[in-house]
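Chemist: Here you go, one structure.
Bear in mind that the values in this text are calculations on the coordinates, not laboratory data. Because the structure is a prediction, the values reported are computed rather than measured. Methodologically, a virtual Cβ is constructed for each residue, glycine included, from the backbone with ideal geometry; neighbour enumeration extends over all protein chains shown.
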């Protein structure tokens, strides 16, 4: 599997780095995913989670003057309530592009307790950037500090993080209770690009608490895929399901878990096609990352051998 995106998760924990997972994995901080392996939107009003789900982060919007320097205490994840079905559990999920699915998995995996986070990607004038939900929320990016600049009440720019390798400044978005980070490259987006992304990236929270992301074009039309020609001086579009960049899957995904525990990644991959054979197994903090693709869904897992085997053998996803 090709190298996963290098993603760094900080904020109260030591940085962690993933690399690897052919055609699939992507982690947080400054990219880590590799399963095979900074923009003035007004935040859309967030719907309240249903009684069957709960957010671990505080459900409050950032203050216009304070930016996003508020420190949250809980992980940036959704703990939706699964339905019991004998030795299996069933979880209704929503991917960041709005695609809904039913996930059946062995109850011992406890995916509902691990919690899920969205991952998506965006192309800004032909340059690929990841949109990740930091595991530790705002604290992972802000560390209690002050932003460099505020592009909007819900969009701020933060300094490059220590240990972030080739990644530069961080654009942080607040969409309802969710926090989404875009870690820039050393040769980062210019001011115009960042303003455009801040103005046009939209985040909506579904009634059951999931975050969906889309791009608003100059004409006011929102799209989860393309802005289309003539959308403005800066071309912005969201990555499509199954799309590959640098040998890695970059379309909409859901990640369950994180930190030092086992982790599962669900990556819609139409027809389970891959552009190339991954050169080597993926790895995350020295642990193997394995994956399987069936029914148009790539499933990646890392953790102890029992967890990984159970996840790859037992998880079934039905797109709706």
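Chemist: Could you please rank 124, 250, placing first whichever residue has the fewest other Cβ atoms within 10 Å of its Cβ? Let's see the in-between values first.
Modeler: Working: 124 23, 250 30.
With the fewest neighbours first, 124, 250 line up as 124, 250.
Chemist: So if each residue of separation counts as 0.36 nm, and I subtract the Cα-Cα distance between residue 260 and residue 104, what length gain in nm does that give?
Modeler: Numbers: separation 156, 0.36 × 156 = 56.16 nm, distance 2.38 nm.
Going from the current span to full extension adds 53.8 nm.
Chemist: Right, something else. Along the Cα→Cβ direction, 7 angstrom out, place labels at residue 313 and residue 125. What is the inter-label distance in nm?
Modeler: 5.2 nm
Chemist: Then there is this: Tell me the label-point distance for the pair residue 320, residue 292, using the 7 Å Cα-to-Cβ offset, in nm and rounded to one decimal.
Modeler: Taking the simple label geometry, residue 320 and residue 292 are separated by 2.5 nm.
Chemist: Any idea what diffusion coefficient segment 85-195 gets from Stokes-Einstein, in µm²/s, Kirkwood Rh on alpha carbon pairs, 25 °C, 0.890 mPa s? Walk me through the numbers on the way to the answer.
Modeler: Values: Rh = 16.0 Å.
For these conditions, the coefficient is 153 µm²/s.
Chemist: Starting from the Cα-Cα distance between residue 113 and residue 90, subtract it from 0.36 nm times their residue separation and give me the gain in nm to one decimal.
Modeler: On the way: separation 23, 0.36 × 23 = 8.28 nm, distance 1.28 nm.
In short, 7.0 nm is gained.
Chemist: Listed highest first by mean packing, meaning other Cβ atoms within 10 Å per residue, what order do 88-96, 183-191 come in? Present the calculation step by step, with values, prior to reporting the outcome.
Modeler: Working: 88-96: 20.4, 183-191: 17.1.
Per-residue Cβ counts within 10 Å, averaged per peptide and sorted highest first, yield 88-96, 183-191.
Chemist: Once you have the Cα-Cα distance between residue 146 and residue 191, take 0.36 nm times their residue separation minus that, and quote the gain in nm to one decimal.
Modeler: Numbers: separation 45, 0.36 × 45 = 16.20 nm, distance 1.90 nm.
Contour length minus Cα-Cα distance gives 14.3 nm.
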